[in-house]
Amino acid sequence: MSTGMASKYTLLPEDNRVDVGAAPSQGLIRRVIKVFLCITLGTALAIGVHNFQTVLSAVDGPSATQDEPGAVSRCPTNIPLAASPPVPVNLWTPLTVSETYNISSWLSAPDRNLNLTRGDRAGLADNFIYLIEAYPPSKTAALAYLDQTANSSVSPPDRYARVTLHEGAAREPVVRDYLVGPLPVGEDTTMRPLTEIYHRPDIPYNARGYTVPFSELSPLLLRIMTPLAEATQELFGGVALGHANDTLVAAAIGPYSFDGTWRRAWLPLRRNVPGQWLHPVGFFLYVDFSGTDTSNWSLLKIVYNHQIFDSTDSFLEAFHNGTLRRLPKRPDQEPHHSLLLPPSSAPPGRPIPSSAPPSLEWSTRVRPRTAPRDLSELPGPRQISTGGARFRLDRATQYISWMGWAMYLGFGRDMGMSLWDIRFLGTRLIYELAPQEAIAQYAGNDPMQTSTAWLDRFFGMGSAVRDLLPGYDCPADATYLPATTHGHAGSLTRRRAICVFEHDTARPISRHTGYAPGEFGAVKGYVLIVRSISTVGNYDYLQRTVVFDYIFHLDGTIEVRLSASGYLQAGYWEPAQEGYGAAIRETTMGSLHDHVINYKVDLDVVGLRNTLLATRTAQEERTAPWFDDDWGSTFVQQKITREYITSEDDARLVYPENLQGIYALVNIEEENSWGMPRGYAIHPGYSPVHNTVVGSKRLLRNANWAKYNMAVSLRKDTEPSSSSMWNLNLPGAPPVDFDQFFDGENITQADLVAWVNVGTHHLTQAEDSPNTRTNLAAFFITPLNYFDADMSMDALNAVLLSPPDNPGGPWGVDEYGVNMGHCVPAAIPPLEYSGVLGFDVDGKPAAAATSEQLRREAEMYHRIKIEL
Ligand SMILES: [Cu+2]
């Protein structure tokens, strides 16, 4: 019924449109041009976006238009030209809203006998559809389709969906995965349990995924917090009573279970203010919320200032009889302390959020009241494409090509964007490149930070993808692509979920100054960047903002880069926290923690038959017969050893000390012209860390991959991922136990997957406030004797200089006929942010959410506000 409104995973053309403006005459000074452009183009844009789009539509491809003789041309549109995908179907395209609705209707039909309640109305003790998403075909079937020849046409493999049911109405409530297909639903469609990709048959209900709104804890919290109101008001200046203006909120720190036999969590209280993650009050509740009968849920402990109470009564007794040892009151705990400035004293143009007293501005992103830096009132430089976009895009299949690179995009609830069938110069290099999991494990001297070990797949890095801000997150004229994810309460479409743009690195890929013919020149550094940003809770990425970058270089290198920003999960600062972080305010600390993020790199180096090569360098001391001279006959130098690792068991790897060596996948049956096996290496980039802590019960077996820098295993359809969304809550018995991938199999000339980690040892500091600056982590997938020479030498975007024929004469400059161009760039449209498009479980557009609803959905377990 909702086919017409299907939010198909296609590009919205308007998002790519940038206007073309009137051409100012030459001779004006630069700043006047800028001001002129800002005013005239901005005004013109405001008057008629549609007119500009009409003009743009007429400009097809990279050709500039000339207004009048002598005038500078407008820059050509940056809309990418059409790409030619090798096959017409993207096998990894997410389901559309209408496909999801059709599957949901099929599942809900009486003869399925699933006793389903609508996901947006279901309670804990109901059966409901938690997730529906596309399930990728087997690699064999996919390759048969992708590699078909003109003589043997192959149909795309059948499409299937993975369906997760919360079976709360079962006698033993449980979570189960099913495979439903083929799609579209019809006579042949069946469903069967999807178990072969997990190390346990089903998921205990106590380890289930989270639901939004997460109000299930409200009745319990209300029971606890109501009698405590007098005490919390006096101690922290706040209460949590289920009122709209509650001044305290709770968070629920994970994991919530060890093996699924119980569901319990520490709930720290925080002040309900902007940047609430930075306002813990030092008060912790430990609660049991096992099972589906909420009347059995209970408070187990209260911890305040290192004192432990087993009930609200015993806490109140100490509070009233004077035996409670109180935390000292410090300035930032006063809701309206003396730093409060009356609004009239605020500098102009600096709006103060009405919900944030000025004394708390430090935990917001409002610009501080400091003098502007010199010339910062001017816009900074921005890149323009004087020749139009140089990458190609097939909107229907989400297929991108650029300078010899080509790939399909996929998108999923758990980890967001993935890249498939990545080819370079016509040959497949990577079948699948996708993030798998992100852990954040904390330390502290309080019940909250000590017990925190997040696995962010649980929260859905894909469903937490956020609309990109043109001009800030990506260049304004980047191409923006939408993505849709489906949850139990409906579907969400982000119109600017992904950006694609070419980027001038402003440094040469290679360069040399020489004086013999052909020696002197440089190749310009251009890259294509495919980016998405997820904000899970506090950090912009995992309760953090994570910027996922895939950066394609001209020499055949792929840089996989991740940067994280957002709010810290702050602890309560007091002297007993020494050694576990740093004070960043009077009562706020940044707590020490590690981030480790795992990627799946399904490399296919000249086909499927690959071998893991360990290349190491080490010092040697030896003699040589030709040295009987002044230096003596003994000398010390370094030497390469090359070793093929043949067993999976030896393929969980830590980078060698001092990075003396590299790991690569090579095809030993394919040599380059110089007799070297063709290969691709995984080079550590920034921050090649693994997890510091090994053996914590809270991360016992559910993130084994984090113990290494990388690992290589046999590629199997039954081992699609190193983690699952339920791994967070099952550290003792995880659905995916990465170490079980490694069972002694021979990995010589076989289809292999590299599981590669990046991360940060986050030594928190004052400058992490209000938000951590985007810290970087990356690795490089880079050719190792794959070619006969540096492939970027074929670039036309290069220069060759030749010395003058006569002394003092001009140098020859050959730029291969590529002119950098000269044109008036398009004005940047005013920044608009429209937010998410929601669809209900029937596939119908949902009503727009209030900011409180958006906040509730975004902050998940991190801000549990009691709801009556
Ligand atoms: Cu961090």
Counting only residues that are touching a strand residue (DSSP E or B) at 6+ places or on another chain (Cβ under 6 Å), in a strand (DSSP E or B) and within 16 Å of the ligand (Cβ to nearest atom), the stretch 570-602 contains a total of 11
Taking the stretch 477-520 as the region of interest, how many residues are part of a loop (DSSP other than H, G, I, E, B) and under 30 Å from Trp92 (Cβ atoms)? 4
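Take the residues in the stretch 437-475 that are small (Gly, Ala, Ser) and not in a loop (DSSP other than H, G, I, E, B), then tell me which one is nearest to the ligand (Cβ to nearest atom).
Initial filter on the stretch 437-475 (small (Gly, Ala, Ser)): 438, 440, 443-444, 451, 453, 460, 462-464, 471.
Those left that are additionally not in a loop (DSSP other than H, G, I, E, B): 438, 440, 453.
Details: Ala438: 11, Ala440: 6, Ala453: 13 Å.
Applying the filter and picking the extreme gives Ala440.
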Only one residue in Pro735, Pro770 is within 16 Å of the ligand (Cβ to nearest atom), in the same structural domain as Trp454 (by TED's automatic domain parsing) and either part of a loop (DSSP other than H, G, I, E, B) or buried (at least 18 other Cβ atoms within 10 Å of the Cβ) (or both). Which one? Pro770
Do you know which residues across the stretch 756-767 are within 17 Å of the chain's Cα centre (by Cα), within 11 Å of the ligand (Cβ to nearest atom) and not β-branched (Val, Ile, Thr)? Gly759
Within the stretch 690-732, the residues that are surrounded by 21 or more Cβ atoms within 10 Å (Cβ to Cβ) and of a type in the set (A, V, I, L, M, F, W, C) are Leu699, Ala703, Trp705, Ala706, Met710, Ala711, Val712, Met725, Trp726, Leu728, Leu730
Residues in the stretch 831-867 that are in a loop (DSSP other than H, G, I, E, B), surrounded by 13 or more Cβ atoms within 10 Å (Cβ to Cβ) and more than 23 Å from the chain's Cα centre (by Cα) total 10
So which of Leu603, Leu608, Leu592 ends up being at pLDDT 95 or above, within 29 Å of the chain's Cα centre (by Cα) and surrounded by fewer than 20 Cβ atoms within 10 Å (Cβ to Cβ)? Leu608
Filter the stretch 238-250 for residues that are under 13 Å from Phe283 (Cα atoms) and in contact with an Asp or Glu (Cβ under 7 Å, 6 or more places away or on another chain); which is surrounded by the most Cβ atoms within 10 Å (Cβ to Cβ)? Ala240
Residue under evaluation Ile551, criteria (1) within 16 Å of the ligand (Cβ to nearest atom); (2) assigned to a strand (DSSP E or B), criterion not met: (1)
Take the stretch 653-699 and flag every residue that is within 30 Å of Pro447 (Cα to Cα), in a loop (DSSP other than H, G, I, E, B) and in contact (Cβ under 8 Å) with a residue 40 or more places away in the chain. Ser687, Pro688, Val689, His690, Asn691, Thr692, Val693, Ser696
Mind listing just one residue for me: the one in the stretch 201-252 that is acidic (Asp, Glu) and outside any loop (DSSP other than H, G, I, E, B) and, of those, nearest to Ile866 (Cα to Cα)? Glu230
Which one of these is over 19 Å from Ala453 (Cβ atoms) and in contact (Cβ under 8 Å) with a residue 24 or more places away in the chain: Glu621, Glu574? Glu574
Output the residues belonging to the stretch 92-132 that are surrounded by fewer than 21 Cβ atoms within 10 Å (Cβ to Cβ) and in contact with a helix residue (DSSP H, G or I) (Cβ under 9 Å, 6 or more places away or on another chain). Ser98, Trp106, Arg112, Leu114, Leu116, Arg118, Leu124
Looking only at the stretch 615-654, count every residue that is modelled with pLDDT under 95, among the hydrophobic types (A, V, I, L, M, F, W, C) and exposed (fewer than 11 other Cβ atoms within 10 Å of the Cβ) and tell me the total. 3
Which of the numbered conditions does Ala798 fail, given that it passes all the others? Conditions: (1) within 16 Å of the ligand (Cβ to nearest atom); (2) buried (at least 20 other Cβ atoms within 10 Å of the Cβ). (1)
Across the stretch 560-569, what is the number of residues that are crowded, with 20+ Cβ neighbours inside 10 Å and within 11 Å of the ligand (Cβ to nearest atom)? 5
For residues that are farther than 21 Å from Ala516 by Cβ and without any contact (Cβ under 8 Å) to a residue 12 or more places away in the chain, scanning just the stretch 791-825, find the one that is farthest from the chain's Cα centre (by Cα). Asn819
Scan the stretch 738-767 for residues that are of a type outside the set (Val, Ile, Thr) and in a strand (DSSP E or B) and report the count. 9
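The values are calculated or read from the model by the stated rules, or taken from the named source; none is laboratory data. From a predicted model like this one, the values you see are computed outputs, not experimental measurements. With ideal geometry, Cβ positions are generated from the backbone for all residues, glycine too; neighbour counts draw on all protein chains shown.
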